[in-house]
Amino acid sequence: MKKFLFVCVAIAAITLFSNSASAQVKIGYFDEQAALSLFPGIAKIDTLLNSYRLDSLQEEYKYTLADFQRRDSIFKKDSATMPAKARELATRELLQARYKLVNWTEYSQQMEQAKYEELVDPYRQKLYAAVQEVVAEQKYTLVLKAETISPYVRPNLLDNITIRAAQKLKLPLPKEIEDAWKAASGSSTTTPAKPAAKPAGKG
């Protein structure tokens, strides 16, 4: 079912690209990760995530493990004499702590992802605003994720909203992309050759 749905989406994308002119549908494509990677200072997110992993998550794991061991020791010693309600509550808390420790990898990955989203959000907000401006200015009616476009389709480079948004934000682009953009848009900076001088004495 998923394969069928993917094929349908791919065919729809190809059809939209091929019929965009006749149907008056203007289609652009956008790669968020490629755009985010252009921001100066974005690399510091990796450093901050590593620090969060070591200073926060690792310390939380140590505390959770020590707290579980302490509670488990107390429970084993005192459970027989505990009132039924207190024993039930202590058992529930131990099970919750054990579950967290057993599933620590999944928990830490979720926490790291949440931290990443928090750190990247300021960049995303700037990018989102720039993309919205580009879409409005260029009158795009549909924007596709770059990764959803079939490798058999060669969309127009000028419809690459990633590049247009980067230009609007004045983000540095790789030279090969700048050159390809200039060639596609006809704004090459190559100086045209001067016409040869006519020989003296000839009209």
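The values are calculated or read from the model by the stated rules, or taken from the named source; none is laboratory data. Just so it is clear, the structure is predicted and the values come from calculations on it, not from any experiment. Don't worry about glycine lacking a Cβ; one is built from the backbone with ideal geometry, like all the others, and counts go over all protein chains shown. For the accessible areas, the whole protein counts, side chains as well, though only heavy atoms, and no ligand, DNA or RNA atoms are used. Shrake-Rupley method; radii C 1.70, N 1.55, O 1.52, S 1.80 Å.
Side notes on the structure shown:
- Scan of segment 52-77 for residues that are under 30 Å from Leu171 (Cα atoms) and open to solvent by 50 Å² or more (accessible area, probe 1.4 Å), ordered by number: Arg53
- Residue check, Ala13 part of a helix (DSSP H, G or I), within 24 Å of the chain's Cα centre (by Cα) and at pLDDT below 90: yes
- Test: residue in segment 27-34 that is touching an Asp or Glu at 6+ places or on another chain (Cβ under 7 Å), within 21 Å of Ala97 (Cα to Cα) and surrounded by 12 or more Cβ atoms within 10 Å (Cβ to Cβ): no
Okay, residues lined up against (1) more than 28 Å from Ser51 (Cβ to Cβ); (2) at pLDDT 90 or above:
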{"residue": "Asp67", "(1), (2)": "no, yes"}
{"residue": "Asp72", "(1), (2)": "yes, yes"}
{"residue": "Asp78", "(1), (2)": "yes, no"}
{"residue": "Ala84", "(1), (2)": "yes, no"}
{"residue": "Glu118", "(1), (2)": "no, yes"}
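- Evaluation of Tyr107 against the conditions (1) buried (at least 16 other Cβ atoms within 10 Å of the Cβ); (2) within 21 Å of Gln24 (Cα to Cα) shows that the sole unmet condition is (2).
- Taken together, the residues in segment 133-147 that are part of a helix (DSSP H, G or I), in contact (Cβ under 8 Å) with a residue 40 or more places away in the chain and within 22 Å of Gln24 (Cβ to Cβ) amount to 3.
- The one condition from (1) surrounded by 11 or more Cβ atoms within 10 Å (Cβ to Cβ); (2) free of Cβ contacts under 8 Å to residues at least 24 places away in the same chain; (3) among the basic types (Lys, Arg) that Arg154 does not meet is (1).
- Of residues in segment 78-104 being of a type in the set (S, T, N, Q) and within 36 Å of the chain's Cα centre (by Cα), the one least open to solvent (accessible area, probe 1.4 Å): Asn103
- Subset of segment 148-189 that is in a loop (DSSP other than H, G, I, E, B) and of a type in the set (Gly, Ala, Ser) - its residue that is nearest to Ser37 (Cα to Cα): Ser150
- Taking each residue of segment 69-86 that is without any contact (Cβ under 8 Å) to a residue 60 or more places away in the chain and among the hydroxyl-bearing types (Ser, Thr, Tyr) and looking for partners that are open to solvent by less than 40 Å² (accessible area, probe 1.4 Å) and part of a helix (DSSP H, G or I) with beta-carbon atoms closer than 9 Å, six or more apart or interchain, yields Ser79/Ala90.
- Pairs, first at pLDDT 55 or above and among the small types (Gly, Ala, Ser) in segment 17-30, second buried (at least 21 other Cβ atoms within 10 Å of the Cβ) and outside any loop (DSSP other than H, G, I, E, B), C-beta under 6 Å, six or more apart: Gly28/Ile161
- Checked against (1) at pLDDT 95 or above; (2) open to solvent by 100 Å² or more (accessible area, probe 1.4 Å), Ala165 meets all criteria but (2).
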